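A.B. asks: Have a look at this one before I ask anything.
The values are calculated or read from the model by the stated rules, or taken from the named source; none is laboratory data. Bear in mind the structure is a predicted one, so any value in this text is a computation, not a measurement. Note that each Cβ is placed from the backbone with ideal geometry, even for glycine, and that neighbours are counted across all protein chains shown.
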Amino acid sequence: MKKKIAVFGTGYVGLVTAVGLADIGHDVFAVDIDRTRVKDLKKGYLPFYEPGLKKIMKTVITAGKIHFSSESDKAVNRSDVIFIAVGTPPLEDGRADLSQLRNAVDCVIEDLDSSKVIIIKSTVPPGTIDALKELHSAELESTKSEIVFCPEFLREGTAVHDFYHPDRLVIGSDSDTAARIVDDIFFPVVGKRDVPVLKCSPVSAEMIKYSSNVMLAARIAVMNELAEMSETVGSDIIEIAAGVGLDSRIGNSFLNAGPGFGGSCFGKDVSGLVTAAAARGVELGLIREILTSNDKQRLRPALRLEKAVGSLRGKKIAVLGLAFKAETDDVRGSAAFDVIEYLTEKGAQVKAHDPLAEYNFIRDFKKKGYSCTELVEDALKKADAAIILTEWKEYRNLSPECLAGCMKGRVIIDSRNIIDVNAFRSEGFTVFGTGMVEVKPKLKSRNRSDFMNAAIVSM
Ligand SMILES: NC(=O)c1ccc[n+]([C@@H]2O[C@H](COP(=O)([O-])OP(=O)(O)OC[C@H]3O[C@@H](n4cnc5c(N)ncnc54)[C@H](O)[C@@H]3O)[C@@H](O)[C@H]2O)c1
């Protein structure tokens, strides 16, 4: 059933949620304290890149299904349901900074005038929802309102797809009525597709979100350590991933080795859980180590390059990829920060390229010694070596002949294992993939999917 919904926060989660909810029939009022962002959104400009979002946003704006504002009172008064999707970034000591969340909840509670469901989408440490409910118990009781936790699992780069095709809907609520309202809101994407709906307590839902990210971060960390080992024994991490992934107990997703995980969530949520546990006297030693392991991985592409070319002083290095992963312009937690800092400190001249994330990277990385180029060819021109850090399609499709024509040197660090190694080898390049020392050219084309298919068929 159609609902009047307010969404607080128009970041990666809030905006995709607001636009998606409007598209499935709800009447949405999206609120952000960032007035410039609101002004831009009203004109249909997106504050970030997310594939497919612009088109749906245009449709829902034109249809009058979504409105943007900085006026929180108006949003609360007109709505039956309020989503909160503000940031919960890490503090210096690893705890989640809940100040944005507290401010947003305060605003909502201040204007609460009738029975409403407040749905928290921001990722929060266990116990947060119960604490908020206790803090605002008088207002919640007098208006018969509820606070529910509904964790978000979308991935940047496929967030729109994830909104319409979730793996599950988790509803952390002490109230059956409030849980049913959440279920109804998402019925068009969940009910029609028989997506599992898990109703549980708020604290279980909080733990589900943290635990999911811990499991995913751990898989990446394990694969990256295995990749390091693989380089020393001469095995191939793509073959290892294919073989391990065929075990139905393990499955084949999230087995790609690379320059460590980045983004705004995995690191923050691992440290959020570890610090929340420590505050309760529980030592999560294994989980804590995920971060140490990941930090080490982020620098490995630069260290491998240094080993391959010797002193970096005066060397021209092309760094391809600044976003933490492909199909997003988000640079939060990107390995590019560590790699470029290391290279420039060692005296290299760095030219960096990214199809979308250049602006955000320059905004966040104020150090000297590097420049960004608009065209990938300009970064590669006369370069002694290149490092691929992000798995953008355009890097996957780089032509070895073109690189041979413009680069001076013949060394490529392919930290994502995305280029056709054999083709580059025949142009005289030495390619260092993650998790492989030396490439044995037994397949004609050796991109990842060809290899996985060949490996599977030959078993
Ligand atoms: N980004 C992801 O991939 C992702 C995935 C799953 C869950 N999450 C979680 O979702 C939450 C939001 O993440 P994000 O990446 O969208 O954050 P973000 O930083 O991109 O956006 C947060 C937005 O909230 C706005 N805001 C802050 N205080 C506000 C207030 N009082 N009222 C209205 N707006 C306010 C900010 O101006 C900003 O636009 C976080 O807790 C995050 O951990 C993020």
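A.B. asks: Being of a type outside the set (K, R), surrounded by fewer than 18 Cβ atoms within 10 Å (Cβ to Cβ) and touching a residue at least 12 places away in the same chain (Cβ under 8 Å): is that true of D269 here?
C.D. replies: no
A.B. asks: Residues of the range 293-335 being in a strand (DSSP E or B) and crowded, with 24+ Cβ neighbours inside 10 Å, which ones?
C.D. replies: I317, A318, V319, L320
A.B. asks: Kindly indicate whether any position in the range 1-9 is at pLDDT 95 or above and closer than 23 Å to E358 by Cβ.
C.D. replies: Among the residues of the range 1-9, not one is at pLDDT 95 or above and closer than 23 Å to E358 by Cβ, which makes the answer no.
A.B. asks: Any residue at all in the range 336-343 that is in contact with a strand residue (DSSP E or B) (Cβ under 6 Å, 6 or more places away or on another chain), surrounded by fewer than 19 Cβ atoms within 10 Å (Cβ to Cβ) and assigned by TED's automatic domain parsing to the domain that holds V421?
C.D. replies: no
A.B. asks: Any residue at all in the range 213-226 that's surrounded by fewer than 18 Cβ atoms within 10 Å (Cβ to Cβ), among the acidic types (D, E) and in the same structural domain as S415 (by TED's automatic domain parsing)?
C.D. replies: yes
A.B. asks: In the range 54-74, how many are closer than 11 Å to D23 by Cα and touching a residue at least 60 places away in the same chain (Cβ under 8 Å)?
C.D. replies: 1
A.B. asks: Quick one: in the range 79-97, which of the residues that are in contact with a Pro (Cβ under 8 Å, 6 or more places away or on another chain) and surrounded by fewer than 19 Cβ atoms within 10 Å (Cβ to Cβ) is nearest to L284 (Cα to Cα)?
C.D. replies: Taking the range 79-97 and keeping what is in contact with a Pro (Cβ under 8 Å, 6 or more places away or on another chain), we get 95-97.
Imposing the further condition that a residue be surrounded by fewer than 19 Cβ atoms within 10 Å (Cβ to Cβ) reduces the set to 95, 97.
Working: R95: 14, D97: 20 Å.
Out of the qualifying residues, it is R95.
A.B. asks: Of everything in the range 418-459 that's among the polar types (S, T, N, Q) and out of contact with any helix residue (DSSP H, G or I) (no Cβ under 6 Å at 6 or more places or on another chain), which residue is modelled with the highest pLDDT?
C.D. replies: Across the range 418-459, the extreme among qualifying residues is T430.
A.B. asks: Would you mind telling me which numbered condition in (1) out of contact with any Asp or Glu (no Cβ under 8 Å at 6 or more places or on another chain); (2) touching a residue at least 40 places away in the same chain (Cβ under 8 Å); (3) within 10 Å of the ligand (Cβ to nearest atom) G157 fails?
C.D. replies: G157 satisfies all of (1) out of contact with any Asp or Glu (no Cβ under 8 Å at 6 or more places or on another chain); (2) touching a residue at least 40 places away in the same chain (Cβ under 8 Å); (3) within 10 Å of the ligand (Cβ to nearest atom) except (1).
A.B. asks: If I go through the range 382-397 residue by residue, how many of them are part of a loop (DSSP other than H, G, I, E, B) and either buried (at least 16 other Cβ atoms within 10 Å of the Cβ) or in contact (Cβ under 8 Å) with a residue 24 or more places away in the chain (or both)? Quick ask: steps written out before the conclusion?
C.D. replies: Step one: of the range 382-397, the residues part of a loop (DSSP other than H, G, I, E, B) are 382-384, 389-392, 397.
Still in the running and either buried (at least 16 other Cβ atoms within 10 Å of the Cβ) or in contact (Cβ under 8 Å) with a residue 24 or more places away in the chain (or both): 382-384, 389-392.
Selection size over the range 382-397: 7.
A.B. asks: Can you report the number of residues in the range 253-266 which are of a type in the set (S, T, N, Q) and in contact (Cβ under 8 Å) with a residue 40 or more places away in the chain?
C.D. replies: Count: 2.
A.B. asks: Follow-up. Take the residues in the range 126-135 that are over 18 Å from A85 (Cβ atoms) and outside any loop (DSSP other than H, G, I, E, B), then tell me which one is farthest from the ligand (Cβ to nearest atom). So that I can check it myself, show each step before the final result.
C.D. replies: If we filter the range 126-135 for residues that are over 18 Å from A85 (Cβ atoms), which is where we start, we get 126-127, 130-131, 133-135.
Remaining after also requiring outside any loop (DSSP other than H, G, I, E, B): 130-131, 133-135.
On the way: D130: 17, A131: 16, K133: 18, E134: 21, L135: 16 Å.
Selected residue: E134.
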